[in-house]
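A quick write-up on the structure given underneath.
Taken together, the values in this text are just the output of simple stated rules run on the coordinates, not laboratory data. Being a predicted model, the structure only gives us computed values, none of them experimental. Cβ placement follows ideal geometry from the backbone for every residue including glycine, while neighbour counts extend to all protein chains displayed.
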Amino acid sequence: MDATEFANTIINLARKKGYVIQTNRAGLDQIDFGNKKLHFDHIVKLYPAAMSEGANINQLIEKVAPGRPCAHKPMRELINRLKLIHQETDVGV
């Protein structure tokens, strides 16, 4: 998995979870977490650190997109879901 695949997968998981996916003025897909958004470039910057064991997702988000605390919990959930999918794929399940 590379950074682009990571971001695209997170956005697709968010869409399946019911989050609104929009295209911003720069033409980037973004996840709307209510009153705050994370766009594709923000998500790309979370990789690969977000996939590390014990990663502090809150800190990572604050580093790439400060002031979006309402995005912390849903992003943790999306990243944890991706980690589960990735583990299942790695063991051939």
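Just in segment 1-83: which GluC sites (Glu not before Pro) are loop by DSSP and have at most 11 other Cβ atoms within 10 Å?
Glu53
Top mean-square fluctuation among Asn58, Asn12, Asn35, Gaussian network model of the chain, C-alpha springs under 10 Å?
Asn35
Beyond 19 Å between alpha-carbons counts as too far, so tell me which of Lys45/Lys83; Lys63/Lys83; Lys17/Lys45; Lys16/Lys63; Lys16/Lys45 fall in that bin.
Lys63/Lys83; Lys17/Lys45; Lys16/Lys63; Lys16/Lys45
What does the charge dipole of the chain about its Cα centre add up to, to the nearest 20 debye, if the Cβ of each Lys and Arg holds +1 and the Cβ of each Asp and Glu holds -1?
440
Just need the relative contact order of segment 16-93 here, percent rounded to a whole number, with Cα pairs under 8 Å and 6+ apart.
Once divided by the residue count of segment 16-93, the mean separation gives 21 percent.
Kindly write out, for segment 70-86 in residue order, the coupling ³J(HN,Hα) from the Karplus curve 6.51 cos²θ - 1.76 cosθ + 1.60 (θ = phi - 60°), rounded to whole Hz, with x marking Gly and Pro.
Calculated HN-Hα couplings, in order: 6, 8, 4, 4, x, 5, 4, 5, 5, 5, 4, 5, 4, 4, 5, 4, 5 Hz.
Full-extension gain between Asn8 and Thr23, please, as 0.36 nm times their residue separation minus the C-alpha to C-alpha distance.
Gain on extension, Asn8 to Thr23, equals 4.1 nm.
Short version: ³J(HN,Hα) in whole Hz for each residue of segment 62-68, in order, from phi by Karplus 6.51 cos²θ - 1.76 cosθ + 1.60 (θ = phi - 60°), x for Gly and Pro, what are they?
4, 5, 8, 8, x, x, 10
Tell me the label only: which of (i) 12.6, 40; (ii) 14.2, 49; (iii) 14.4, 44 is Rg and Dmax of the Cα atoms in Å as calculated from this structure?
Computed from these coordinates, Rg and Dmax of the Cα atoms in Å corresponds to label (i).
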